[in-house]
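A.B. asks: Could you have a look at this structure, given as structure tokens, before my questions?
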Amino acid sequence: RFNISAVDFLPDRKQKWPLSSAPWSDGFSFVSPVDHYGERGRNGFGMADMCGGVWEVILDHFDPKGGHEELYTVKENPRPVCRGGNYFDVPGNARCAVRLGLAGPHYSDSRDGFRICLGPPRDHQ
């Protein structure tokens, strides 16, 4: 579930989202506690809390041309990438596929977070 804003704040779009009156809210002012929904909140892979809580800051640097299959970094003006939308965002951003570049490596916001994940050992890649 998402605590999604009812208004689309993109430039020149002041309309109210048609489904804003739907029961999307989970009753929490901000993000819900991790694994609050237990088994019923998990996807087909058994994973929970995959999007809609906070923007997920990832290791890649932002490339305006699009995403990369391999890790992408730059030395000058790095812009960390964040993905997946947050609890107070327009509906179109509440998707794992959304990726935006932060203003810089020192940018901070209460709607940004991180997810710790473990990849395969380097000798198996």
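A.B. asks: Rank these for me by crowding, E70, E39, going from fewest to most other beta carbons within 10 Å.
C.D. replies: If I rank by nearby Cβ atoms, fewest first, I get E70, E39.
A.B. asks: Using each residue's phi in segment 34-44, evaluate 6.51 cos²θ - 1.76 cosθ + 1.60 at θ = phi - 60° and report the 3J(HN,Hα) Karplus result to the nearest Hz, with x for Gly and Pro.
C.D. replies: 4, 6, 4, 8, x, 4, 6, x, 9, 8, x
A.B. asks: Still on this structure: Less than 13 Å Cβ to Cβ from A103, Lys/Arg counted +1 and Asp/Glu -1: what total charge do the surrounding residues give? All intermediate terms of the calculation are to be shown ahead of the outcome.
C.D. replies: Values: positive: R79; negative: D109, D112.
My count for the surroundings of A103 gives -1.
A.B. asks: Just subtract the alpha-carbon distance of R122 and L100 from 0.36 nm times their residue separation and send over the number in nm, one decimal.
C.D. replies: Working: separation 22, 0.36 × 22 = 7.92 nm, distance 2.77 nm.
Taking R122 through L100 to full extension adds about 5.1 nm, to one decimal.
A.B. asks: D112's amide H: which non-local residues (gap 5+, or another chain) put their own amide H closer than 5 Å, with H modeled 1.01 Å from N in plane and none for Pro or chain starts?
C.D. replies: W55
Values in this text are rule-based calculations from the coordinates and carry no lab data. Fair warning: this is a prediction, and the values are worked out from it, not measured in the lab. Counting neighbours? That spans all protein chains shown, and the Cβs are built from the backbone with ideal geometry, glycine included.
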